[in-house]
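Peer 1: This structure is in structure tokens; I'll ask about it shortly.
The values are calculated or read from the model by the stated rules, or taken from the named source; none is laboratory data. Model, not experiment: these values are computed from the prediction. Methodologically, a virtual Cβ is constructed for each residue, glycine included, from the backbone with ideal geometry; neighbour enumeration extends over all protein chains shown. What goes into the accessible areas is simple: the full protein's heavy atoms, side chains included, and nothing from ligands, DNA or RNA. Shrake-Rupley method; radii C 1.70, N 1.55, O 1.52, S 1.80 Å.
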Amino acid sequence: MKFRLFLCLLFAFTAISSFAQSGSKEQLAMQYYNSGEFDKATELFEELYQANPNTFFYNYLLQSCLQGKDYKKAEKIVKKAASQGAKSLKYTVDLGYVYENGGEHNKAQKQYEEAVQKLPNSMQIISDVAQQFISHSKFDFAIRTYQKGRELLKEPLGFTNELAQLYERTGNYAEMMNEYIILVENQEDALPTVEIYLQYSLADDPTGKKAEAFKELILKKTQKQPEVRLYSDLLMWYSLQQKDFEMAFIQAKAMDKRFKEEGKTVFEIAQICMQNQSYDVAVQAYKYILSKGKDNIFYTESEIGSLDARFLQLKKDYKLNPKDLETLNQDYIKTLNELGQTPQTVVLMNNFAHLKAFYLHDMPGAIKVLEDAVEVPGLSKNILADCKLELGDILLLDGKPWDASLQYSQVEKSLKNDAEGAMAKFKNAKLSYYIGEFEWASSQLNVLRASTSKLIANDAMELSLLISDNMEQEDSTYKALTIYAKADLLVYQNHYEDALITLDSVRIVGGLSHPIYDEVLYKKAQIKCLQGKFRDAEELLKNLVTMYPYDILADDALYLLAKLNEEQFKNNLQAMEYYEKIFTDYPSSLYATEARKKFRQLRGDK
């Protein structure tokens, strides 16, 4: 019994010792390989491979020989491995690779050809051989391997993803796209998967050649077979990926007429345009549906959507035409008279009240619309909260901060765990900031920085930083910040000239060295934009970038400068300079990605 135990312990000790020696030898071999001492690495990997002939040791042994230019030894290793009962054609590929590294290109080609020609009717071996070619960067032979595999297996759709990826790798984008299209032509249930592959691929397309290859192929297919719905769907999908909403709308209209959809796809495109703030195209799409008449199933939603889109576009624009405002006002009245006051039209009433208060300066009319809205039976808590939030905004606009706070507090209390509750809390915190209660505002904003709503969290962080960065420790009255907050409220209330005068007084209190002065310049530039004085805004923004290149608003100023030059001054070259400066000098900016994209668009990249 004792002797048997002794033998077991001896065997275990020997095994552990052998494993430890093997492990340390492997580490040493890797160390030699990584440091470029390939002769020493070859010697150790050969010992390891003889003791344990696995793929890992074989590959490193072969690479050590090739890196050390010992091609004869490499040839012997491959031939010996192939002769030891291994039937895999990978050794044929490896032998060709050895010859190629040794400069024997004809012999290498012969080995590669042999590997392809001798392929058996086995998916596993075909895949292994193709992968071996890929590991040696012999992509053309890998493509031929998969193509031969299709013939042998009698599967014309076999290895589609593998071939598509190889075509992409070799820059043959036309064939890459052809592979995917052939797949979905034969297996429509593969469409979602193919769209995911293409989405990732088109996202990494700096030259635009992939997108061009896809578009060209689908256009040809659509023109040749317009009755095939698949091609139309793919073309529209492509347009949306490229954010070419105008093209998507045109395609949706064509599909609507061709396939008798009664506006279904056009309505979906309108909603996508709304989500992406492409309001002008959304309006076109809704108008197309409205032209079908009141019997159309999407008519009411499109009437509401059209007004929403025009309203949101209005909020984006700097220059407002009084005639357009009155037209929109009359259209709201007409639509609400036609559709009535229902839970579905309360959103319209909410926006109508905003239009009346903030653009037509009709406070009593705005409040009356909201009072009617909250009386509509069957409203959800969230819709009711939206109306109260809008009422609070209008009361603040009308110079009644405490009445506004009451509305916000009611929403915050009733929906504390919802987005509306968080928004109410933010509006109350901002109101406290407006009236100079900075410590209280700051404490509330710090809570909101963890909000599940990204928009609220970002806004809370931005305002919190503004307050904390400008609360002077030596001045408990926070004079400069108080003046700035007052001006901010005046801007909210559309009193632009009063706001500019107020901002000028910040310089008297704090001087140019005060940390809030870059915010002052930026706020004045925003006011000038709202007044349509874009050249004045440009000058202020240039001063900000020159005086405060390392402050938090420098990239904001550059982005606004770029937008002004692109959209107002039509100076694309100057806009490109500003966009380029953002992603080169401020690579961590939130605007960096968009700036790079805009720069390429203005440069004319496809």
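Peer 1: Taking a quarter of the surface of the convex hull around the Cα atoms of segment 137-224, what do you get in nm²?
Peer 2: Spelled out: convex hull of the Cα atoms, projected over all directions, averaged, 6.2 nm².
Peer 1: While we're looking at this one, here's another question. Going by the alpha-carbon gyration tensor, a ≥ b ≥ c the square roots of its eigenvalues, is segment 355-470 rounded (a/c under 1.5) or, if a/c is not under 1.5, prolate (a/b greater than b/c) versus oblate?
Peer 2: oblate
Peer 1: To the nearest 10 degrees, how steep is helix 363-374 against the longest Cα principal axis of the chain, on a 0 to 90 scale?
Peer 2: Taking the Cα atoms of the chain, the angle to 363-374 is about 60 degrees.
Peer 1: At a threshold of 8 angstrom on Cα-Cα distance, excluding pairs fewer than six apart, so keeping six or more, what relative contact order does segment 457-598 reach in percent?
Peer 2: 13
Peer 1: Tell me the relative contact order for segment 41-178 as a rounded percent, counting alpha carbon contacts under 8 Å between residues six or more apart.
Peer 2: This gives 14 percent for segment 41-178.
Peer 1: While we're looking at this one, here's another question. For the chain, what does the accessible surface come to per residue with a 1.4 Å probe? Please give it in Å².
Peer 2: It amounts to 53 Å² per residue over the chain.
Peer 1: Charges only on Cβ, +1 for Lys and Arg, -1 for Asp and Glu: so what's the dipole of segment 397-484 about the Cα centre, in debye to the nearest 20?
Peer 2: 340
Peer 1: Still on this structure, I have one more. At a probe size of 1.4 Å, how large is the accessible area of ARG507, to the nearest 10 Å²?
Peer 2: 130
Peer 1: Rg over Rh of segment 65-172, using C-alpha atoms and the Kirkwood radius, what does it come to?
Peer 2: Computed over Cα atoms, the ratio is 0.99.
Peer 1: A follow-up question, please. So for each of 321-332, 429-440, 294-305 I average, over its residues, the number of other beta carbons within 10 Å; can you give me the resulting order with the highest mean first?
Peer 2: 429-440, 294-305, 321-332
Peer 1: Another question, if that's okay. Note the angle between two axes, namely the Cα long axis of helix 517-530 and the longest principal axis of the Cα atoms of the chain, as a number of degrees from 0 to 90, rounded to the nearest 10.
Peer 2: Tilt relative to the chain: about 70 degrees.
Peer 1: Here's a follow-up. Please report, for the Cα atoms of segment 444-588, the Rg to one decimal and the Dmax as a whole number; what are they, in angstrom?
Peer 2: Cα radius of gyration and Dmax of segment 444-588 are 16.0, 47 Å respectively.
Peer 1: Then there's this: Among the lysines, select those whose C-alpha is under 23 Å from the C-alpha of LYS524, and discard any that sit fewer than 8 residues away in the same chain.
Peer 2: LYS524 reaches LYS315, LYS316, LYS319, LYS427, LYS430, LYS479, LYS486, LYS533, LYS542, LYS563, LYS570, LYS581.
Peer 1: Along the three principal axes, how long is segment 488-547 when you take its alpha carbons, biggest first, rounded to the nearest angstrom?
Peer 2: Result, largest extent first: 28, 22, 13 Å.
Peer 1: Further question on the same structure: Just to confirm the number: angle between the C-alpha axis of helix 139-153 and the first principal axis of the chain, 0 to 90 degrees, nearest 10?
Peer 2: 80
Peer 1: Something else now. Sequence gap at least 6, Cα distance under 8 Å: using those rules, report the relative contact order of the chain to the nearest whole percent.
Peer 2: Rounded, it is 4 percent for the chain.
Peer 1: Return the carbon/sulfur percentage of the accessible area of segment 310-390, one whole number, probe 1.4 Å, all protein chains in place.
Peer 2: Carbon and sulfur atoms account for 53 percent of the accessible area of segment 310-390.
Peer 1: Okay, next question. Name the lysines eligible as straight-distance cross-link partners of LYS69: C-alpha to C-alpha under 22 Å, and not fewer than 8 places from it in the same chain.
Peer 2: LYS40, LYS79, LYS80, LYS90, LYS107, LYS110, LYS138
Peer 1: Would you list the P(r) distribution for segment 278-325, with all Cα-Cα distances sorted into 5 Å bins from 0 and each bin expressed as a whole %?
Peer 2: With 5 Å bins starting at 0, P(r) equals 5, 23, 27, 20, 14, 8, 3, 1.
Peer 1: Also, I was wondering about something else. Excluding same-chain residues fewer than 8 positions from LYS334, which aspartates and glutamates have a Cα within less than 14 Å of its Cα?
Peer 2: GLU303, GLU326
Peer 1: How big is the dipole moment of the chain about its Cα centre under a simple scheme where the beta carbon of each Lys and Arg is +1, that of each Asp and Glu is -1, and everything else is neutral? Debye, nearest 20, please.
Peer 2: With Lys and Arg at +1 and Asp and Glu at -1, about 2040 debye.
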